[in-house]
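Enquirer: Have a look at the structure that comes next, please.
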Amino acid sequence: MQRRTAAVRGINVALGIWLFISAFLWRHSQGQFTNAWVVGALCVLFALLAIWAPRARYVSALLAIWLFVSAWSIPALSAWTVWNSALVAIGILIASLVPAEVEVRGARTVPRL
């Protein structure tokens, strides 16, 4: 189970790293630039923390919601920036909502603390 948890959280780490790096790859408005590198760094931090403290994944979900909303509300210099942020937000949200363990029909799982 630990492998699955680490793999799913690894997806969020990768998306956070991409978001952080993307802030520096092309020209952004000041608001979009700051938002991308800050949210990217926080996504990496909370995805790593969620490996050991599973409830931290909910912070990643909140960051994803913020990123999606801000993609459309913070002025951007290009549509690419908006779509990049929106798609990364969707990926982070989906990965952050995957629980640490899978409930198997007819079997009991031991919850992680």
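Enquirer: So how many residues does region 39-85 have that are in contact with a Phe, Trp or Tyr (Cβ under 6 Å, 6 or more places away or on another chain) and among the hydrophobic types (A, V, I, L, M, F, W, C)?
Expert: Residues that pass the stated criteria total 3.
Enquirer: Please work out which one of (1) farther than 17 Å from L25 by Cα; (2) within 14 Å of the chain's Cα centre (by Cα) is the condition W37 fails and give its number.
Expert: (1)
Enquirer: Can you pull out every residue in region 21-44 that is under 26 Å from P99 (Cα atoms) and touching a residue at least 24 places away in the same chain (Cβ under 8 Å)?
Expert: A36, V39, G40, A41, L42, C43, V44
Enquirer: Mind listing whichever residues of region 25-84 are assigned to a helix (DSSP H, G or I), hydroxyl-bearing (S, T, Y) and surrounded by fewer than 16 Cβ atoms within 10 Å (Cβ to Cβ)?
Expert: Once the filter is applied, which keeps residues that are assigned to a helix (DSSP H, G or I), hydroxyl-bearing (S, T, Y) and surrounded by fewer than 16 Cβ atoms within 10 Å (Cβ to Cβ), region 25-84 yields T34, Y58, S73.
Enquirer: Taking region 77-89 on its own, how many of its residues are out of contact with any His (no Cβ under 7 Å at 6 or more places or on another chain) and over 15 Å from V39 (Cα atoms)?
Expert: Residues in region 77-89 being out of contact with any His (no Cβ under 7 Å at 6 or more places or on another chain) and over 15 Å from V39 (Cα atoms): 4 in total.
Quick note: the coordinates plus some simple rules give every number you see, no bench work behind them. On a predicted model such as this, the values are computed, not experimentally measured, just so you know. As a convention, Cβ positions derive from the backbone with ideal geometry for all residues, glycine included, and neighbour counts pool all protein chains shown.
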